[in-house]
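Worksheet: the structure to be examined is printed underneath.
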Amino acid sequence: MIVNENAVRRDEGEAYGRKLAQAGVRVTSLRYNGTIHDFVMLNPIAQIPAMRAAVGHAIGYLRHVFAAANRRL
């Protein structure tokens with residue numbers, strides 16, 4: 001989960017991540033400080049470090065999941 005620091009419902013998002021983990025769901029919740037809602041979708045800020053890190057984490061996770069799926073085929 002990507003959580004941004006300045007979201008109105010940031011605390012609820014982080015609580016949801018904890019509840020998922022407590023229910024046995026594999027989840028990673030990362031807060032990106034200094035960011036606003038939908039920051040990963042805003043092209044004007046595409047080069048800020050937090051956005052690059054968030055997109056990099058998402059890409060890394062998807063590569064991991066798809067590689068694991070390919071190994072099972």
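The values are calculated or read from the model by the stated rules, or taken from the named source; none is laboratory data. Note that this is a predicted model, so its numbers are computed, not measured. Using ideal geometry, Cβ is built from the backbone for each residue, glycine included, and neighbour counts are taken over all protein chains shown.
I'd like to verify a number: residues in region 36-49 that are surrounded by 15 or more Cβ atoms within 10 Å (Cβ to Cβ), of a type outside the set (Phe, Trp, Tyr) and either in a helix (DSSP H, G or I) or touching a Ser or Thr at 6+ places or on another chain (Cβ under 7 Å) (or both), how many?
Total meeting the criteria: 1.
All but one of (1) surrounded by 11 or more Cβ atoms within 10 Å (Cβ to Cβ); (2) modelled with pLDDT under 95; (3) not charged (D, E, K, R) hold for residue 33; state the number of the condition that does not hold.
Just one mismatch for residue 33, condition (1).
Being outside any helix (DSSP H, G or I) and exposed (fewer than 11 other Cβ atoms within 10 Å of the Cβ) is the filter; apply it to region 1-25 and report the residue that is modelled with the lowest pLDDT.
Across region 1-25, the extreme among qualifying residues is 8.
Please work out which one of (1) at pLDDT below 95; (2) of a type outside the set (Gly, Ala, Ser); (3) assigned to a helix (DSSP H, G or I); (4) under 15 Å from the mean Cα position of the chain (by Cα) is the condition residue 28 fails and give its number.
So residue 28 meets the others, but not (3).
If you check 52, 71, 63, which single one turns out to be surrounded by 12 or more Cβ atoms within 10 Å (Cβ to Cβ) and either under 11 Å from the mean Cα position of the chain (by Cα) or outside any loop (DSSP other than H, G, I, E, B) (or both)?
Result: 52 is the single residue among 52, 71, 63 that is surrounded by 12 or more Cβ atoms within 10 Å (Cβ to Cβ) and either under 11 Å from the mean Cα position of the chain (by Cα) or outside any loop (DSSP other than H, G, I, E, B) (or both).
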